[in-house]
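A quick write-up on the structure given underneath.
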Amino acid sequence: MRIGLVTDSTAQLSASEREELGEATGGLFAVVPLTVLIGGVAFADGEVDAGHLCATMTEGVEVTTSMATPTQFSEAYGRLREDGADAIIVVTMSAELSGTRDSAVAAAEAEDILVDVVDSRTTSAGLAGALSVAVAGIRQGHDAESIAGTIADWCAAETRTVFAPGNLEFLRRGGRIGAASSLLGRALQIVPVLGLNAGVVVPLARVRTRAKALKKIVTLAVQAAAEVADPEDTVHVEVQNAEGEMDAADAELLSSRLRELGFEPSFRTLSTIITAHVGPGTVGVTVQTKP
């Protein structure tokens, strides 16, 4: 069985990650982009530089997003089917954060081959990690349905994300604030530390300064590593921020502190879709086991 693999652009995959996914699937890999609208002008996710987007948002220009459509997924499925896919696994960002998963399901219903859609209940580094679980299953020769089930189980049990936005305003505007809405009344007095729980943004801590928020992120990341990993597991830690290399001071500080504690963190810039909702100044850490 030749298994195709599809994901959405919020994973913000590097060139090397795309190459590995293409190699593992024999070229049967596709990324479906979401859309970011800046002042009403539409751009594919990743088409606009992260630093430029953050500067634009800080200037007050309206930035919104649009989910991937069923047509986009249908086109991706069609290409993979024509290239020889007998089944397709689709791994999307959390359905609680976007309708993209529903688009993937709608397109799958029209296919005459198995298309198994998995809600990762996460995004960014967490979503990229879910794809590595798919790669492991494909290389081990498992069938598509069992791989999809393994991905869903892994996403629920073995990945955690904790982050601090610059403020709660952009999350509030986009309606993605979830249970963290309880913090809005105190937003001027606190720096919120948030997380993803089953794909929903939840409050984890309230502190008084940005420095304390970064310290709390490290503490929670270490706790998460202990939660997700058995003694034989390898833990992968990834630091992410909204601005990318243009303003990486907080990300570098988090990385330094995590290295002091024995971790070897990698770095990923958030996709423009995620940044449009969490806002400039967002920094965080994803902790997950390696498949």
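If you run the Gaussian network model on the chain, springs between alpha carbon atoms under 10 Å, then out of A144, A76, A15 the most flexible one is A15.
By the gyration tensor of its Cα atoms, with a ≥ b ≥ c the square roots of the eigenvalues, what is the shape of region 77-145: rounded for a/c under 1.5, prolate for a/b over b/c, or oblate?
Details: a/c = 2.28, a/b = 1.15, b/c = 1.99.
Here region 77-145 falls in the oblate category.
Taking amide H as placed 1.01 Å from N in the peptide plane, V32 has its amide H under 5 Å from the amide H of T7, D8, S9, each at least 5 places away in sequence or on another chain. Here's how it looks for L204: its modeled amide H is under 5 Å from those of V193, L194, G195, which are all 5 or more places away or on a different chain. Computed about its Cα centre, the charge dipole of region 195-250 is approximately 620 debye, with only Lys, Arg, Asp and Glu carrying charge at their Cβ.
Applied to region 25-31, the Karplus parametrisation 6.51 cos²θ - 1.76 cosθ + 1.60 on θ = phi - 60° returns per-residue 3J(HN,Hα) values of 9, x, x, 8, 9, 8, 10 Hz, with x for Gly and Pro. Within a straight-line Cα-Cα reach of under 16 Å, K212 can be paired with the following aspartates and glutamates, leaving aside sequence neighbours fewer than 8 residues apart in one chain: D250, E252. Once you have a ≥ b ≥ c as the square roots of the Cα gyration tensor eigenvalues for region 220-291, tell me rounded if a/c is under 1.5, and otherwise prolate or oblate according to whether a/b is larger than b/c. Prolate, since a/c reaches 1.5 and a/b exceeds b/c. Near V90, the amide H atoms lying under 5 Å from its own belong to V6, D116, V117, V118; only residues 5 or more places off or on other chains count, and H is placed 1.01 Å from N. Loop-located GluC sites (Glu not before Pro) in region 11-108 (DSSP state not H, G, I, E or B) with no more than 10 neighbouring Cβ atoms inside 10 Å: E59.
Each Lys and Arg Cβ is given +1 and each Asp and Glu Cβ -1; about its Cα centre, region 4-156 then shows a dipole of about 200 debye.
Only lysines eight or more places from K290 in sequence, or on another chain, were considered; those with a Cα closer than 26 Å are K215, K216.
Which value, in debye to the nearest 20, gives the size of the charge dipole of the chain about its Cα centre, when Lys and Arg are +1 and Asp and Glu are -1 at the Cβ? Mind showing how you got there, number by number?
Working: 22 positive and 38 negative charges, 306 e Å.
Once rounded to the nearest 20, the dipole reads 1460 debye.
In order along region 83-88, the phi-based Karplus estimate (6.51 cos²θ - 1.76 cosθ + 1.60, θ = phi - 60°) of 3J(HN,Hα) comes to 7, x, 5, 8, 8, 9 Hz; Gly and Pro are listed as x. Is the shape of region 1-86 best called rounded, prolate or oblate, per the rule: a/c under 1.5 gives rounded, else a/b larger than b/c gives prolate, else oblate, with a ≥ b ≥ c the square roots of the Cα gyration tensor eigenvalues? Oblate shape, in that a/c is at least 1.5 and b/c is the bigger or equal ratio. Note on the chain: GNM, Cα springs under 10 Å; of Q223, Q240, Q12, the largest mean-square fluctuation is that of Q223.
Phi angles across region 110-123 convert, under the Karplus curve 6.51 cos²θ - 1.76 cosθ + 1.60 with θ = phi - 60°, into 3J(HN,Hα) values of 8, 8, 9, 10, 5, 10, 9, 9, 10, 7, 5, 6, 7, 6 Hz, Gly and Pro given as x.
A short reminder: the numbers here are calculations on the coordinates, not readings from a lab. Just so it is clear, the structure is predicted and the values come from calculations on it, not from any experiment. Don't worry about glycine lacking a Cβ; one is built from the backbone with ideal geometry, like all the others, and counts go over all protein chains shown.
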